[in-house]
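Inspection log for the structure reproduced underneath, given as structure tokens.
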């Protein structure tokens, strides 16, 4: 690359930074990027509060319990057997139920219910008893990184990737040229001795810098908020011995690639269409129906490759209809190097179309 | 090196609307004015020349460069447009400085050139203020500074005197003249005819997207056969001279000036009139001065286009 082109690209980036980072019409992008962070902070606060309650319940128990003790309770046990294993419950509810008669001539039956709440300080055990027999057992742990990482993956794939980054890139990249046309200021760039392709590259990189800064920061804060409520020992175990760091790095990489892919898509859309709603809706639908497309068409999508790169699969809950399950799971993943290459190729194709389009562009504000 | 700006059979249509049609032009160095009423195609011609719009048909060459090569074209060309919008949040200085940085200049040289251009348009005091707070005249001047900042060989100025006060107008006219005197091509569009008349070396008259006439104003005037040339003669015995003038076949009309110290002659052949001057002088009539009365842009404009939208 000629040295002057790089100097010109830097000049374009300097000019664009102010617009992309501090434009009033882009404030909603910060809000969208902050939403998952706020969600994880709220979740961490809730879990910390519940954990505090759990510790209090454990402190009030007759015995100091372990997780194995909690797991020892089985359905069908009698209340005395439960108390023999775990001691008298620190929290106990009693209530009765009048069941309707099973036959027309029969009489109603009164069932005595009891709920026991035990805790080992980190896990809660809720035992439901009916007429002195265990009918339900529910163990809820506060330090289940496995469960929480699935929740994190769900938020990442279904909100962060498909909505936050998607619409954030739409807001920033579509305005790189379209916004200038609406502001009637594009001629400023077109009157400079700069190749149109170099201008396009500068604008794309400026948009990429802005979206990557906003969404990578959001992703980092989400990870911090997600791990915040775990005790340091659990956190270390997850990060250094259970691929936690690797997963965090992959999520950051996927975020960067999403900005590249969607950025290139919306850059070209901003040049080809006057109304951003139509291409945005078309791309959103295209990305949404991706799991149902034939293999060849799937490849012309950003989400297809991004989903393949996500480190945690989201299991479909039992009983999920096949159509919905297809949306959740990645039935046809591609290898990571191919996925990365795929996104870069899709982005390069979009950038090539943009470079052809930018050479054809004319300044004719009156028809816009 | 190609030393001309050339339009070869250039047409531009915006959909079905005509911008300019079948334009063939060769523009030499000096000040060239594009003259015509609103919608005649002046701005389209300038936008075509600078590559902001592409011709539907034909070829344009600006010295050695084609208009689809902005990287090289704008190293020799500066364009002050009529678009009154600027990138948001910039001061006057930043506007010119950023333009020079976009051109690939380093920070030091861009700063130096920006200040020099701003000084040339007398805007130094306001240079650090945000353009959003500038008056129309100041915005006009900062656009001029941008166009001039890299010392272009070709300067294209769309209505550059709009919004300027009389003092600023004369300063800018002096600036255009000095730029043209250094061998530059200064192309100005204007509908203020008396200013065009003062500053132009040649004119291009446009009407409804067509070039009606081009060249030096006197040459253009000479080619308009259907309107007789008007000549103002100041002399001691105007009635006697009037009687003598009717002896010549090319004389169409003579009217005595109300101060009785001159007359206005209408002739269908100015060259023949000038040849007869010696004869008149020998007849004893004392002639003080002879001046063409209608070889200015205003008259040519009226003859060729009409005077509906001309601003005197």
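Grab the Cα-Cα distance for residue A:246 and residue A:39, subtract it from 0.36 nm times how many residues apart they are, and report the gain in nm with one decimal.
72.3 nm
Pairs of Cα atoms under 8 Å, at least six residues apart: use those to get the relative contact order of the range B:26-113, whole percent.
Over the range B:26-113, the number comes to 14 percent.
So what is the 222 nm mean residue ellipticity for the protein assembly as shown from helices alone, if each DSSP H run of at least 4 adds -39500 (n - 2.57) and you divide by all residues, rounding to the nearest 500 deg cm²/dmol?
Here the helix-only value at 222 nm equals -15500 deg cm²/dmol.
How crowded by other chains is A:189-202, given as the mean number of beta carbons from other chains within 10 Å of each beta carbon?
6
Just order A:259-271, B:41-53, B:156-168, B:263-275 by mean Cβ neighbour count inside 10 Å, highest at the front, would you?
Descending mean neighbour count gives A:259-271, B:41-53, B:156-168, B:263-275.
Where Rh is the Kirkwood radius over the Cα pairs of chain B, the temperature 37 °C and the viscosity 0.692 mPa s, what D in µm²/s does Stokes-Einstein return?
Once the numbers are plugged in, D ends up at 152 µm²/s.
Take every Cα pair under 8 Å in the range A:59-141 that's 6+ residues apart, average their separations, divide by the length, and report that relative contact order as a whole percent.
About 30 percent, as a whole number.
Report, largest value first, the span of the C-alpha coordinates of chain A along each principal axis, in whole Å.
Its Cα atoms span 89, 51, 38 Å along the three principal axes.
Could you give log10 I(q)/I(0) at q = 0.09 Å⁻¹ for the protein assembly as shown, computed by the Debye formula over C-alpha point scatterers of equal weight, without solvent?
-0.90
Using alpha carbon centroids, what distance separates the range A:245-262 and the range A:67-144, in Å?
Result: 45 Å between the Cα centres.
What is the mean number of Cβ atoms from other protein chains located within 10 Å of the Cβ atom of each residue in peptide B:80-87, rounded to a whole number?
5
For chain A, with a Gaussian network of springs between Cα atoms less than 10 Å apart, report the residue from A:312, A:346, A:127 with the top mean-square fluctuation.
A:127
Compute the Rg to Rh ratio over the range B:229-293 from the alpha carbon atoms, using the Kirkwood formula for Rh, and round to two decimal places.
0.90
Based only on other Cβ atoms within 10 Å, what is the fewest-to-most ordering of B:295, B:84?
By the 10 Å Cβ count, ascending: B:84, B:295.
If I build a Gaussian network model for chain B, linking alpha-carbon pairs within less than 10 angstrom, which residue out of B:16, B:195, B:108 has the largest mean-square fluctuation?
In the Gaussian network model the winner is B:16.
Starting from the Cα of residue A:28, move 7 Å in the Cα-to-Cβ direction to define the label point; list residues of the range A:272-302 whose amide nitrogen is under 16 Å from there.
A:275-282, A:284
Would you calculate the convex hull of the Cα atoms in the range B:116-159 and tell me its volume per residue in Å³?
So the per-residue Cα hull volume is 71 Å³.
Kindly express, to the nearest 10 degrees and within the range 0 to 90, the angle between helix A:196-228's C-alpha long axis and the longest C-alpha principal axis of chain A.
The angle comes out near 10 degrees.
Among A:144, A:56, A:233, determine the one that fluctuates most according to a GNM of chain A built with springs between C-alpha atoms less than 10 Å apart.
Looking only at A:144, A:56, A:233, the largest GNM fluctuation is found for A:233.
At 37 °C and 0.692 mPa s, what whole-number value in µm²/s does Stokes-Einstein give for the translational diffusion of the range A:145-235, with Rh from the Kirkwood sum over Cα pairs?
For the chosen part, D equals 208 µm²/s.
Taking only C-alpha pairs under 8 Å that are 6+ residues apart, what is the relative contact order of chain B in percent?
Dividing the mean separation by the residue count of chain B yields 20 percent.
Every number in this text was worked out from the coordinates using simple rules, so none of it is lab data. Quick caveat, the model's predicted, so the values are computed rather than measured. Ideal geometry is used to build each Cβ from the backbone, glycine not excepted, and the neighbour counts take in all protein chains shown.
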